[in-house]
1. Accessible surface of GLU17 in the full protein assembly, 1.4 angstrom probe, to the nearest 10 Å²?
2. By the gyration tensor of its Cα atoms, with a ≥ b ≥ c the square roots of the eigenvalues, what is the shape of region 445-504: rounded for a/c under 1.5, prolate for a/b over b/c, or oblate?
3. In debye, nearest 20, what is the charge dipole magnitude of region 435-575 about its Cα centre with +1 on Lys and Arg Cβ and -1 on Asp and Glu Cβ, if you could check?
4. Taking θ as phi - 60°, what are the ³J(HN,Hα) couplings along region 180-190 by the Karplus curve (6.51, -1.76, 1.60), each to the nearest whole Hz, with x for Gly and Pro?
5. List the residues whose amide H sits under 5 Å from the amide H of VAL10, counting only those 5 or more places along or on another chain, with H placed 1.01 Å from N in the peptide plane.
6. Along region 248-265, what does the Karplus equation 6.51 cos²θ - 1.76 cosθ + 1.60 (θ = phi - 60°) give for ³J(HN,Hα), rounded to whole Hz, x for Gly and Pro?
7. Report the residues of region 81-105 in range of a label on THR62: point 7 Å along Cα→C-beta, backbone N strictly under 20 Å from it.
8. Among rounded, prolate and oblate, which fits region 454-575 when a ≥ b ≥ c are the square roots of the eigenvalues of its C-alpha gyration tensor, a/c under 1.5 means rounded, and a/b larger than b/c means prolate?
Amino acid sequence: MNFRYVIETVNQNGLKETLIEEVTKSDILIGRGASCDLRLVGRLVSLEHARLTVDDDSISITDMVSLSGVLVNNRLVKTEKLKKGDVVKIGAFVFKVTREDGVWGFLEERTEGADAGDSEAFIAKQAKALRFQTFLPSFTTLSILCSLVVAVLFGVMPFVFSDYWYWNSGPMSSAHRMIENDCAQCHSSSFVQVQDKDCLSCHKMSEHSGVMNEVFTKRPDLNHRCATCHMEHNGDAGVIAKESKLCADCHSDLGTMIANASSPDIASFEKHSEFRVTIPEYSMVPSESGGMDEEIVSAIRVSLKDTEKLKDSARIKLNHKIHLEPDLAGANGPETLTCMSCHRLSDDLRTIKPIEFERDCQSCHSLEFDARLPGKAVPHDKADLVFNYLYAEYAKLSLSPKQDESDQDSAPSRRRRRPGGIEATRGNAPVEFSRASVIDQSRNAEEELFTRTACHLCHEISEKPEDIAVSEMSSKYMVLDPNIPDVWMPAAIFDHGAHQSMSCESCHGGAKRSELTTDVLVPGIKNCRQCHSQEQKLNSVKSECVMCHSYHAPLVMKEEEKQAIEKILLKHATY
């Protein structure tokens, strides 16, 4: 059997709030005891005050020998059969009997803030008057008095005793500890927040600080300044901001902050756009003398998704797949190569050392040029130096003592033509030494090196244009600078040493399949998201923006701005 207990409360704004409690019993106990079905908290309510008996057609109430009794329509009753509209009073509580949709119920109407009808409010008032706290000043009064004491101690005492440590709001960072007692170094105006000009007077930062000035001017509503992200007097944890939210405040909608912003909008690492790499572009310009001048290098940022523009512009011939073949050691080469065979970690274990021929290539790629000169290899240098080396070696060879007549027929230079080799002699008459013959041999070897072997295998080579004069002792060829990039993402920070536990192929998986120099083998952001997340997640490295980006790279300080250490220490000495 269902019984519905409804409480309608009218609050101080005149709005009605309704609370409904359903009881599914035919025998309902009313009182202030814990075992009662309807608990009424009041001094005039007994622990078990009355009992309701409910069935489909009727409802009755019985007094459980309570202290204050049960009143029905202002009549004291022992047992009474109730009907719809009857008014029942138990202690200070008044109920109206209801029947809706065949369900009997009690309706109690309350007014917020009104007296409950008994002496509960009076008793509470008397009890409060007896408390010791009543005779003490209020919390508001105590707060005002304490504020006045603090104002006197920390506002007046520094002027009286000439000591500023009273105003220090917290510990200084290690970087600023030396100027801890020189408040005016940062606080150029009293009782004014530290201004950006005060920070920039010492910190010569990258273009990011200049861009921020544009943002502050364009968006004064943001109320941003250096101290928004870098909070001093909070120890080292405050001055070095790491929260990604500080970066996202601007970078999530960069177009509204900076005119013609080149960087994409980035709200978080999860919504970060694909990585962009810096690819250099080259062009040639005529020199003042009418020849060819040095190359002018520019750079463009290309997304790893832009397959049409994503081309490595390094002018070198490189096939990763051939170099990483497992059977290279043996018939095809002297050793089995791995990524670390050529790409070695720097001494700080963070970056990769640039490729060097002598260290990384020479063991497999010899620059020897003539079988008559075993062990002699041209230098891995400019074309003119290579030709001069060839000329010197052939000159020494021509001036060396002649072989015995019996050995002339079997001498390598007599058997066949070799790179730089001399023509076979008629009979046994040796070729006489002359400058022309040395140059001829040098030119032959040069042509072999630059057009068919050695240099030709790896470098882009061309003959010098006709408008450039080639002297007798200079090379006919021009080797274009490879310009192999050491860093693909200059604005990013990456620590290779921290990732040593993972194989190179885990990130650079395309290397073993790459056959073209134009392939860019930098891993995309999807690869990084396997391990890194901006939010703290299971099996994930929590990664804030500053883990990979640093926008405040310091600039070199001008010589005239530097000071002697004695002067600096004296200036910031304790007052």
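1. The accessible area comes out at roughly 100 Å².
2. prolate
3. Dipole magnitude for region 435-575 comes out near 800 debye.
4. Whole-Hz 3J(HN,Hα) from phi for region 180-190: 4, 8, 10, 4, 5, 4, 10, 8, 5, 10, 5.
5. GLU17, ARG110, THR111, GLU112
6. 5, 3, 9, 6, 6, 9, 5, x, 7, 8, 10, 5, 6, 4, 8, 8, x, 6
7. Only 81-83, 88-91, 104-105 pass the distance filter.
8. Oblate, since a/c reaches 1.5 and b/c is not below a/b.
The values are calculated or read from the model by the stated rules, or taken from the named source; none is laboratory data. It should be emphasised that the depicted structure is a prediction, and the values quoted were computed from it without experimental measurement. FYI the Cβ positions are ideal-geometry reconstructions off the backbone, even for glycines, and counts take in every protein chain you see. Accessible surface areas use protein heavy atoms only, side chains included; no ligands, DNA or RNA. Shrake-Rupley method; radii C 1.70, N 1.55, O 1.52, S 1.80 Å.
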